[in-house]
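A quick write-up on the structure given underneath.
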Amino acid sequence: MEKTLIYEGKAKKIFKISGNEKEYLQEFKDDATAFNGVKKDQIKNKGKVNNQITSVIFDLLNNSGIKTHFIKKVSENSMIVSIVDIIKVEVVCRNIAAGSLVKKFAFKEGETLKNPLVEFYYKSDELGDPLFSEDHILLLELATSDEMKHIRNETLKINEILKTFFLSKGLKLVDFKLEFGRDLNGEIILADEISPDTCRLWDKVSNKKMDKDRFRFDLGEVEESYDEVMRRVTN
Ligand code: TMP
Ligand code: ASP
């Protein structure tokens, strides 16, 4: 397969596939960053693990009526995806208070929220991904009001599917981040990845953190936790 790098982010590379006008190759890296790139390292096998976990989850979502960019896993650390134009909005959905919600507002870590909270962050490394509202999104012309309604509805549906799925694997879905894009027909579909890099997952019994917070806050057993999530998700 002849491929040309067209985009490199902090955790993934996107390649154009020669002779293929509809699909890209999405490759997962072992590189890990936190706090907008301030903390940098590698997590052994992370590319392979996140590719595997994302493949299983996107397959589940595709089979549950959620349109995603995932087509198929083609190697240990890469997958074929539909071409999309990413919308510069990071959609965060929370079930349990943690992370920046605890820092910014008067929630206690571990407190179950009365209902899922959907938040939007401006996907901009220069600006440090600030929290913003739908009105900002409309003013910046990142998406239309109808598109945002669709994104919010899909996010809440995805939350229900993933909460049930992870719980069946002994994991609580605390919160997660999604990215959507417009496909070649202009339809909004789920893109990017769903992995321990982009979700908070706590063990159902012990509440042990099993996600990127182990890397962010130097909690140890980083690779082991990513491996354990992969083992549970694929079993
Ligand atoms: P936060 O509590 O730090 O705002 O993170 C909320 C969720 O979003 C958490 O599951 C981790 C995920 N996330 C990303 O995927 N990328 C990011 O850049 C950040 C800050 C969070
Ligand atoms: N991915 C983001 C970064 O590097 C932040 C994070 O996941 O904490 O900067």
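Data overview
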read-out: Single match in VAL92, VAL84 (criterion: away from ligand 1 (no atom under 16 Å from the Cβ), within 20 Å of ASN153 (Cα to Cα) and buried (at least 18 other Cβ atoms within 10 Å of the Cβ)); value: VAL84
read-out: Positions within segment 205-226 being open to solvent by less than 70 Å² (accessible area, probe 1.4 Å), in a helix (DSSP H, G or I) and either away from ligand 2 (no atom under 16 Å from the Cβ) or among the polar types (S, T, N, Q) (or both), in sequence order; value: SER225
read-out: Per-region count, segment 153-187, residues more than 16 Å from ligand 1 (Cβ to nearest atom) and part of a helix (DSSP H, G or I); value: 8
read-out: Where HIS136 falls short, out of the listed (1) under 24 Å from LEU201 (Cα atoms); (2) more than 16 Å from ligand 2 (Cβ to nearest atom); value: (1)
read-out: Single unsatisfied condition, ASN20 versus (1) of a type outside the set (Asp, Glu); (2) in a loop (DSSP other than H, G, I, E, B); (3) within 16 Å of ligand 2 (Cβ to nearest atom); value: (3)
read-out: In segment 1-29, the residues that are away from ligand 1 (no atom under 16 Å from the Cβ), surrounded by 14 or more Cβ atoms within 10 Å (Cβ to Cβ) and among the hydrophobic types (A, V, I, L, M, F, W, C); value: ILE14, PHE15, ILE17, LEU25
read-out: Single residue of LEU127, LEU131 found to be under 17 Å from the mean Cα position of the chain (by Cα), open to solvent by 60 Å² or more (accessible area, probe 1.4 Å) and of a type in the set (A, V, I, L, M, F, W, C); value: LEU131
read-out: Count of residues meeting criterion [touching a residue at least 40 places away in the same chain (Cβ under 8 Å), surrounded by fewer than 18 Cβ atoms within 10 Å (Cβ to Cβ) and either in contact with a Cys (Cβ under 7 Å, 6 or more places away or on another chain) or in a strand (DSSP E or B) (or both)] in segment 65-81; value: 2
read-out: Within segment 95-123, considering residues that are within 11 Å of ligand 1 (Cβ to nearest atom) and of a type in the set (Gly, Ala, Ser), the one farthest from TRP202 (Cα to Cα); value: SER100
read-out: Residue in segment 30-50 that is in a strand (DSSP E or B) and crowded, with 19+ Cβ neighbours inside 10 Å present; value: yes
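The values are calculated or read from the model by the stated rules, or taken from the named source; none is laboratory data. All values derive from a computational prediction rather than experimental measurement. Cβ coordinates were reconstructed from backbone atoms using ideal geometry, including for glycine residues, and neighbour counts include every protein chain displayed. SASA here: full protein model, heavy atoms, side chains in, ligands and nucleic acids out. Shrake-Rupley method; radii C 1.70, N 1.55, O 1.52, S 1.80 Å.
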